[in-house]
Amino acid sequence: MKFTRTITKKEKKKASKRRLGIFLIFAGLLFLNLFLVYMAFIEKPKPIVSPLSKNQISSNASFEKKLKEKNISYESFSTVKDLTYKILLKSGGEVIIDPSKNIDQQLSSLQLILSQLKIEGKALKRLDFRYQKPIISL
């Protein structure tokens with residue numbers, strides 16, 4: 001006599017849920033793989049845009065030319081992190097120029113302030129043009 005086991009509805013339901021779970025896991029892994037392949041190989045990365053202008057060297061050269069035109073003697077100047085110009089004067093002072101404002105006007109003011117301080121016999125430590133009114137430290 002052959003004995004066959006009958007499968008109950010509960011067991012069929014449990015087996016069906018197990019197959020569905022396995023199917024969903026494999027489908028999810030397949031979609032994840034497809035997405036990763038798409039991101040890695042098919043989609044082009046967006047180009048990186050530099051926050052500095054391409055002609056930063058030429059703007060530094062024109063700034064240096066303006067300093068020489070105004071007869072402002074300096075040891076060095078550099079561009080700081082926030083894109084302002086920092087000038088170290090030969091007299092030992094430090095000047096900060098804001099490039100978002102009119103540079104010619106700021107250099108003219110610097111020239112006038114330096115000549116006034118020279119007449120008064122005072123030494124400049126720091127001059128900051130980033131604010132509405134220049135801040136002078138003696």
* Asked: In the list Lys54, Lys70, Lys86, which residue meets the criterion of being at pLDDT 85 or above and under 21 Å from the mean Cα position of the chain (by Cα)?
  -> Lys86
* Structure fact -> Of the listed residues (Leu107, Leu117, Leu88), the one being surrounded by 17 or more Cβ atoms within 10 Å (Cβ to Cβ), assigned by TED's automatic domain parsing to the domain that holds Asn60 and farther than 14 Å from Lys66 by Cβ is Leu117
* **Residue list for the range 84-126, restricted to those being within 23 Å of Ala61 (Cα to Cα) and of a type in the set (Gly, Ala, Ser)** => Ser91, Gly92, Gly93, Ser100, Ser108, Ser109
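Looking at Lys101, Lys10, which is the one that is exposed (fewer than 10 other Cβ atoms within 10 Å of the Cβ) and either part of a helix (DSSP H, G or I) or modelled with pLDDT of 85 or more (or both)? Break it down into steps so the answer makes sense when it comes.
Working: Lys101 fails: exposed (fewer than 10 other Cβ atoms within 10 Å of the Cβ).
So the residue among Lys101, Lys10 that is exposed (fewer than 10 other Cβ atoms within 10 Å of the Cβ) and either part of a helix (DSSP H, G or I) or modelled with pLDDT of 85 or more (or both) is Lys10.
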* Structure fact -> Expected single match for aromatic (Phe, Trp, Tyr) and either modelled with pLDDT under 90 or closer than 16 Å to Asp128 by Cβ (or both) among Phe23, Phe35, Phe41, Phe31 is Phe41
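The values are calculated or read from the model by the stated rules, or taken from the named source; none is laboratory data. Just so it is clear, the structure is predicted and the values come from calculations on it, not from any experiment. No Cβ is skipped: glycine too gets one built from the backbone with ideal geometry, and neighbour counts run over all protein chains shown.
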